[in-house]
2 protein chains.
Amino acid sequence: MDRREQYREQTRQEAKRIALEQLAAHGLAGISVNAIGKRMGITGPALYRYFANRDALLTELISDGYHDLADTVEAALARARNGRLRAAATAIRDWARAEPHRYLLLFGTPVPGYEAPEHTLAAASRTMAALLSAAGPDTAKPRRSALYRQVTAWGERMGYGELSPRQLHWGLTVWSRLHGVISLEITNQFALSGVDPELLFKAEVDALAGWWTPES
Amino acid sequence: MDRREQYREQTRQEAKRIALEQLAAHGLAGISVNAIGKRMGITGPALYRYFANRDALLTELISDGYHDLADTVEAALARARNGRLRAAATAIRDWARAEPHRYLLLFGTPVPGYEAPEHTLAAASRTMAALLSAAGPDTAKPRRSALYRQVTAWGERMGYGELSPRQLHWGLTVWSRLHGVISLEITNQFALSGVDPELLFKAEVDALAGWWTPES
DNA sequence: CACTGGAGTTATAACTTCTAACAACGATTA
DNA sequence: TAATCGTTGTTAGAAGTTATAACTCCAGTG
């Protein structure tokens, strides 16, 4: 990489870093081109040399977030020997708790202009693939249902190996339930109940882990 | 109510109605005082006779949303004879699908300045109480755990009748899982899988209904 | 009829994003 | 070495935002 390109990349990263700080401190509206520039020691319009516009900057923050989350989950799974679901789930929750504004940037209210680019969808799929790798063995014979037909098509399209429909459905359910309990926790919606969100989270993870045993 | 107060209230309602339209069309940033005023045939600053500031208007939209949702769920439960959980859950989902921007205003990324006023918390509790009224009978003898201690304290504080810890935990779980699957649906995050969100939703409701039977 | 208070107006300040025109500086090339 | 060119920064300005202040106007009341 060219020397100038290095400086350029460095400047871009600094802008994004400061943007995330502003996001954490003052919300999405706090990401102001002028404010970021000021904190970098340059004027606002100078930033337009690095980003086409404010939306482009936001879009990069979102893409970075997806990749960061996928990396985190994959790393946690690489470390885990058993209890793979718990490891992945805890990694997601910890990531969300450490930077709730970032989690909400990805999964909260959508940013109006944003359309996910290709490689971002790939990162999202990596996270899902990681979750699916924690699925238990499916011994039951497959039933026929609209849901199972659809998840089968999805699994084939994404190339999710030899997973059964039940395992694929489990993957979507894992994601849905984790998102439910995590997003309510970081938006403080459990505060009204006074219940420790961690206990609710663990109960959900246990329920998901028990998906494979209560073959009754 | 005074005649002038009636007009005043009418104007306030019109402003909020238009604000919701702007929210649906252009997101939170689309709620502009000037834009609302223009659509009402008055200038922007005139609206400050009716709302202290833009945040106050947003706050009212949120409060109205909580009450509207609670009303909807209670009405659905009043109609339902059996399948009370399904009735309540479907009511929430339908409400969210009909006005996703409103659902996200309540449960998506929090609006920076907003702190829920007292009567809003009451409306949130009404929704939870409605859900809890759909709990099945709990015949098992109560175990001891940190979670059960905490939900018991919550139930006593809120006056949720004679519900067991298991039923209270179920209520929080219902809310968490429904929020998970509904919020992912309306933010289109299931689109990548191509799976019909309704099937995932129904599967979650079935699982929650089955909470009381798999006493194995 | 006079008066008072609410509801609207315009003007203005201080922000915002973003474009255009211009200056300066570093690296490459003749 | 000297000229040129591209990149990065600047300031100025347009068009938008929230919000306040000052002013007008009109309806209802005593």
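The values are calculated or read from the model by the stated rules, or taken from the named source; none is laboratory data. Predicted model only: the values in this text are computed from it and were never measured. Here Cβ is always computed from backbone atoms with ideal geometry, including for glycine, and neighbour counts include all displayed protein chains.
Scanning the range A:1-32 for residues that are in contact (Cβ under 8 Å) with a residue 24 or more places away in the chain, closer than 26 Å to residue B:113 by Cβ and among the β-branched types (Val, Ile, Thr) yields a single hit, A:31. The condition of being under 26 Å from residue B:206 (Cβ atoms), away from DNA strand C (no atom under 16 Å from the Cβ) and without any contact (Cβ under 8 Å) to a residue 24 or more places away in the chain does not hold for residue B:153.
Considering every residue within the range A:46-60, establish whether at least one is closer than 19 Å to residue A:105 by Cα, out of contact with any Asp or Glu (no Cβ under 8 Å at 6 or more places or on another chain), in a helix (DSSP H, G or I) and more than 12 Å from DNA strand C (Cβ to nearest atom). Yes, the range A:46-60 has at least one match.
Of the numbered criteria (1) away from chain B (no Cβ under 13 Å); (2) assigned to a helix (DSSP H, G or I), the one residue A:82 fails is (2).
What single numbered condition from (1) more than 17 Å from residue A:111 (Cα to Cα); (2) within 16 Å of DNA strand D (Cβ to nearest atom); (3) within 14 Å of chain B (Cβ to nearest Cβ); (4) not basic (Lys, Arg) fails to hold for residue A:31? Every listed condition holds for residue A:31 apart from (1). When A:69, A:61, A:47, A:20 are checked against the criterion of being modelled with pLDDT of 95 or more, more than 10 Å from DNA strand D (Cβ to nearest atom), surrounded by 13 or more Cβ atoms within 10 Å (Cβ to Cβ) and away from chain B (no Cβ under 14 Å), A:20 stands alone in meeting it. Among the conditions (1) more than 16 Å from DNA strand D (Cβ to nearest atom); (2) at pLDDT 95 or above; (3) surrounded by fewer than 17 Cβ atoms within 10 Å (Cβ to Cβ), residue B:81 misses just one, which is (2).
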